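The values are calculated or read from the model by the stated rules, or taken from the named source; none is laboratory data. Quick caveat: nothing in here was measured; it's all calculated off a predicted structure. Glycine gets a Cβ as well: all are built from the backbone with ideal geometry, and neighbour counts include every protein chain shown.
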């Protein structure tokens with residue numbers, strides 16, 4: 001069964017997400033959170049790809065312990081925590 005995209009229900013108290021792109025050298029990706037259809041979606045893009053091109057972004061489907069640092073950054077910058085989506 002394929003993994004599902006990592007999402008969070010919309011929280012009206014979340015900070016503005018416009019143009020917040022987080023670079024993470026450890027995972028070699030850029031990350032951003034977007035809002036659509038009542039959910040916040042976690043997206044990523046390879047660092048070698050151009051993050052200004054929308055087609056380079058894709059949904060994050062799995063998170064592991066090595067993603068914890070970038071998830072901390074995402075939460076501090078956006079107010080949205082995806083920590084409970086880490087695969088055990």
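Within the range 37-46, is there a residue that is at pLDDT 95 or above, out of contact with any helix residue (DSSP H, G or I) (no Cβ under 6 Å at 6 or more places or on another chain), part of a loop (DSSP other than H, G, I, E, B) and surrounded by 11 or more Cβ atoms within 10 Å (Cβ to Cβ)?
Checking the range 37-46: not a single residue is at pLDDT 95 or above, out of contact with any helix residue (DSSP H, G or I) (no Cβ under 6 Å at 6 or more places or on another chain), part of a loop (DSSP other than H, G, I, E, B) and surrounded by 11 or more Cβ atoms within 10 Å (Cβ to Cβ).
Pairs needed: first member in the range 70-88, in contact (Cβ under 8 Å) with a residue 40 or more places away in the chain; second member anywhere, part of a helix (DSSP H, G or I) and exposed (fewer than 15 other Cβ atoms within 10 Å of the Cβ); C-beta distance under 6 Å; at least 6 residues apart or different chains.
81/75
Please work out which residue is surrounded by the most Cβ atoms within 10 Å (Cβ to Cβ), limiting yourself to the range 55-79 and to residues that are touching a helix residue (DSSP H, G or I) at 6+ places or on another chain (Cβ under 9 Å) and within 14 Å of residue 21 (Cα to Cα).
My answer is 71.
Within the range 7-36, track down each residue that is part of a loop (DSSP other than H, G, I, E, B), more than 11 Å from residue 80 (Cβ to Cβ) and either touching a strand residue (DSSP E or B) at 6+ places or on another chain (Cβ under 7 Å) or at pLDDT 90 or above (or both). Even if it seems obvious, please write down each step before you answer.
The first filter runs over the range 7-36 and keeps only residues part of a loop (DSSP other than H, G, I, E, B), leaving 10-21, 25-28.
Those still in the list that are more than 11 Å from residue 80 (Cβ to Cβ) too: 12, 16, 18-19, 21, 25-28.
Matches in the range 7-36: 21, 25, 26, 27, 28.
Determine which single condition residue 77 fails, assuming it passes every other condition in (1) at pLDDT below 95; (2) not in a helix (DSSP H, G or I).
(2)
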